[in-house]
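The values are calculated or read from the model by the stated rules, or taken from the named source; none is laboratory data. A quick note: this is a predicted structure, and the numbers were derived from the prediction, not measured. Note that we place each Cβ from the backbone using ideal geometry, even for glycine, and neighbour counts take in every protein chain shown. Surface accessibility is based on the protein's heavy atoms, side chains included, excluding ligands, DNA and RNA. Shrake-Rupley method; radii C 1.70, N 1.55, O 1.52, S 1.80 Å.
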Amino acid sequence: MGNALHSPLAVPPRPSRSSPAIAALATPALANLWGEPVHFMSETSPLPEELDRQELFSRICVRDPYYALSEVRAVGEGELTARVPVEQETGSEASPINAAEVGRHLAILGSCASALVNPKEGQHYYLARRARLERLHAGPLPRATELLVGTAKAEFRDKRTATAQTRLMDARGQALFSLEVDYNVLSAGAFLRLFQGARQEMRREPRAERGPRCTSGDFAAMRTNPHRQPPPLHGYVRDGECLKATLGPVSAELCKGHFALHPVLPVAVVMSGLSGLAGSLLRELVGNPAVRYLVTRGEVRADSLAYAGESVTFGSHLHGVEGRDYSFYCWASVGERLVGVMELTLTCLE
């Protein structure tokens with residue numbers, strides 16, 4: 001990083017387009033992800049058996065409230081479907097669900113699919129390291145008022161990396177978003193050795209038991225959920241086409257469910273902060289605080305993790321404008337340590 005982050009508004013260098021960190025994530029057309037169009041079961045078709053939540057938790061690294069999927073079912077080798085809640089308000093995004101929340105739920109679903117094809121038994125940590133998001137609906141659309149449908153298909157590239165191709169649809173089958181995610185896969189033992197410095201007690205009281213739920217509102221009533229809100233950034237500083245803000249010090253509460261006894265800021269929360277910051281910069285650039293937009297695409301690379309107790313600097317810089325499409329280069333860092341970067345395209349609707 002050199003001295004790139006010494007200036008309060010310095011922009012870290014953009015990764016090369018030819019770098020496998022971004023360019024390797026080109027996603028095939030949604031309808032051909034599995035080599036054939038998507039077919040939905042009729043209402044009279046028997047549903048595959050729902051996977052046991054505790055069995056999934058014995059394989060993956062996240063828990064509720066960060067994990068909020070329901071009715072997870074295996075429909076093929078490494079293929080899952082699930083019901084997906086809409087827990088956050090969409091704000092200025094004119095979509096049924098905001099793109100950062102899409103990333104959260106689909107990355108978790110992809111880790112569940114990866115866990116089912118992991119050749120090694122036991123719990124593993126699936127650390128998202130790269131992702132590519134594409135909006136598939138023409139929009140604008142209102143915020144969803146019912147559970148959405150997520151699908152995922154995963155495979156292992158080698159013993160320490162997995163890839164999942166996922167998508168999100170509404171209850172009638174309209175495609176909304178696709179997300180491809182690459183994971184670094186660590187055994188529980190390897191994770192504990194690498195992240196022992198992050199260990200702290202997070203659970204002060206026993207969790208309340210809960211059964212199946214039909215809406216995200218039921219879940220919120222059962223347990224406080226910090227993931228229903230975007231991360232609370234503060235200290236905004238604007239300099240021309242660059243906007244920065246700060247999160248933190250990060251509380252263990254903000255990391256709830258990610259991970260047990262080792263609270264680290266989820267990549268999806270980092271990307272939520274970055275996409276929200278880009279939206280704020282867009283509103284300032286067009287001079288309209290009420291402007292609506294669509295997240296059209298996003299390419300993400302996670303370089304490291306931010307621990308509870310650390311403060312994270314978020315930055316967004318306008319990279320270019322083409323018609324109504326505004327492209328931003330965004331980054332998050334702890335001191336001079338880069339946490340992650342995102343290239344984001346927002347389509348302005350006004």
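By the scheme Lys and Arg +1, Asp and Glu -1, what is the net charge of all other residues having a beta-carbon under 13 Å from that of residue 348?
Cβ neighbours under 13 Å give a net charge of -2.
Using only alpha carbon pairs under 8 Å that are at least six residues apart, calculate the relative contact order of the stretch 218-350 and give it in whole percent.
26 percent.
Sorted by packing (mean other beta-carbon atoms within 10 Å per residue), highest first, where do 331-341, 101-111, 261-271 land?
Packing proxy ranking, top to bottom: 101-111, 261-271, 331-341.
Rounded to the nearest 0.05, what FRET efficiency do residue 184 and residue 117 give with R0 = 22 Å and r taken as the Cβ-Cβ distance? Could you check?
After rounding, the FRET efficiency stands at 0.85.
Based on alpha-carbon centroids, what's the gap between the stretch 101-154 and the stretch 266-344 in Å, whole number please?
20
Ignoring any ligand, DNA or RNA, what whole percent of the accessible area of the stretch 147-194 comes from carbon and sulfur when the probe is 1.4 angstrom?
49
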